[in-house]
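Engineer: Have a look at this one.
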């Protein structure tokens with residue numbers, strides 16, 4: 001995940017804590033340029049690497065060395081720039097924006113958005129690099145990971161009259177590490193946690209998030225610490 005250095009932008013009746021425009025422009029410019037530079041470097045060393053019998057990927061380097069100039073260099077420059085542009089698109093999809101209004105909070109990551117009415121929000125806190133929204137019953141409504149500017153986010157919440165942004169999970173003492181077939185949880189919750197453990201092993205964030213939501217419906221809150229799952233009852 002990309003590191004986010006956030007900024008605060010007022011928009012009508014809401015305050016938007018977002019990635020600064022300058023940083024976004026830098027990413028869009030720097031990554032394609034770096035990709036093009038990597039392509040130029042590959043073109044420059046293709047002849048040399050193709051002549052080393054012990055070097056890996058001999059086939060691609062020999063193919064590149066055999067292509068006529070300037071087409072070979074122009075081609076790898078374009079391919080490198082395209083690869084950098086793809087990375088910039090992936091980075092943009094990881095940006096997190098928090099819009100704080102008097103009556104609701106909206107969290108956006110890429111093209112997805114979650115909106116929570118003020119009446120449903122019981123508290124907010126930062127744990128490590130995660131922003132967590134709690135319901136009035138203590139259920140986790142959202143957990144988004146990014147490098148938030150905590151001071152500016154706290155200021156936005158204060159401006160709209162929300163409870164102060166906490167530092168650390170107020171329920172941290174209630175969590176316990178999940179073990180296979182935990183007797184206190186029952187078969188359904190254990191099955192979901194097993195499936196979620198497999199999703200974490202595969203780094204399938206989307207499936208892990210969906211399974212977290214299913215566990216929340218059962219009154220089980222789960223969080224991850226170094227690929228290990230910890231849970232608590234609501």
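The values are calculated or read from the model by the stated rules, or taken from the named source; none is laboratory data. Note that the structure is predicted; figures quoted are calculated from it, not measured. Every residue, glycine as well, gets a Cβ built from its backbone with ideal geometry; the counts of neighbours run over all protein chains shown.
Engineer: Within the range 170-186, can one find any residue that is without any contact (Cβ under 8 Å) to a residue 12 or more places away in the chain and within 13 Å of residue 122 (Cα to Cα)?
Structural biologist: No, the range 170-186 contains no residue that is without any contact (Cβ under 8 Å) to a residue 12 or more places away in the chain and within 13 Å of residue 122 (Cα to Cα).
Engineer: Now, a different point. Please go through the range 131-159 and give me each residue that is without any contact (Cβ under 8 Å) to a residue 24 or more places away in the chain, surrounded by fewer than 15 Cβ atoms within 10 Å (Cβ to Cβ) and in contact with a strand residue (DSSP E or B) (Cβ under 8 Å, 6 or more places away or on another chain), ordered by number.
Structural biologist: Matches in the range 131-159: 136 only.
Engineer: Could you list all residues from the range 70-106 that are part of a loop (DSSP other than H, G, I, E, B), without any contact (Cβ under 8 Å) to a residue 24 or more places away in the chain and touching a helix residue (DSSP H, G or I) at 6+ places or on another chain (Cβ under 9 Å)?
Structural biologist: Let us first name the residues in the range 70-106 that are part of a loop (DSSP other than H, G, I, E, B), namely 70, 93-95, 102-103.
Narrowing further to those that are without any contact (Cβ under 8 Å) to a residue 24 or more places away in the chain: 70, 93, 103.
Within the range 70-106, just 103 meets the criteria.
Engineer: Follow-up. Just name the residue that is nearest to residue 221 (Cα to Cα) out of those in the range 107-121 that are in a strand (DSSP E or B) and in contact (Cβ under 8 Å) with a residue 24 or more places away in the chain. Explain how you work it out, then say what you get.
Structural biologist: Within the range 107-121, the subset in a strand (DSSP E or B) is 107-109, 112-117, 121.
Add one more test, that the residue is in contact (Cβ under 8 Å) with a residue 24 or more places away in the chain, and what stays is 107, 109, 114, 116, 121.
Values: 107: 20, 109: 22, 114: 18, 116: 18, 121: 16 Å.
Here the residue is 121.
Engineer: Please determine whether any residue of the range 193-212 is surrounded by 15 or more Cβ atoms within 10 Å (Cβ to Cβ), under 22 Å from the mean Cα position of the chain (by Cα) and part of a loop (DSSP other than H, G, I, E, B).
Structural biologist: no
Engineer: What is the number of the single condition among (1) surrounded by 15 or more Cβ atoms within 10 Å (Cβ to Cβ); (2) at pLDDT 85 or above; (3) not assigned by TED's automatic domain parsing to the domain that holds residue 222 that residue 87 does not meet?
Structural biologist: (2)
Engineer: Given the criterion surrounded by fewer than 17 Cβ atoms within 10 Å (Cβ to Cβ) and over 16 Å from residue 82 (Cα atoms), identify the matching residue among 50, 30, 55. Lay out the reasoning, then the answer.
Structural biologist: Details: 50 fails: surrounded by fewer than 17 Cβ atoms within 10 Å (Cβ to Cβ); 30 fails: over 16 Å from residue 82 (Cα atoms).
After applying the criteria, what remains is 55.
Engineer: Just to check your reading of the model, which residue among 137, 151, 81, 113 is within 19 Å of the chain's Cα centre (by Cα) and either under 21 Å from residue 232 (Cβ atoms) or not assigned by TED's automatic domain parsing to the domain that holds residue 214 (or both)? Write out each step before concluding.
Structural biologist: Working: 137 fails: within 19 Å of the chain's Cα centre (by Cα); 151 fails: within 19 Å of the chain's Cα centre (by Cα); 81 fails: within 19 Å of the chain's Cα centre (by Cα).
From the options 137, 151, 81, 113, the qualifying one is 113.
Engineer: Counting only residues that are surrounded by 15 or more Cβ atoms within 10 Å (Cβ to Cβ) and assigned to a helix (DSSP H, G or I), how many does the range 160-192 have?
Structural biologist: Adding up the residues that qualify gives 3.
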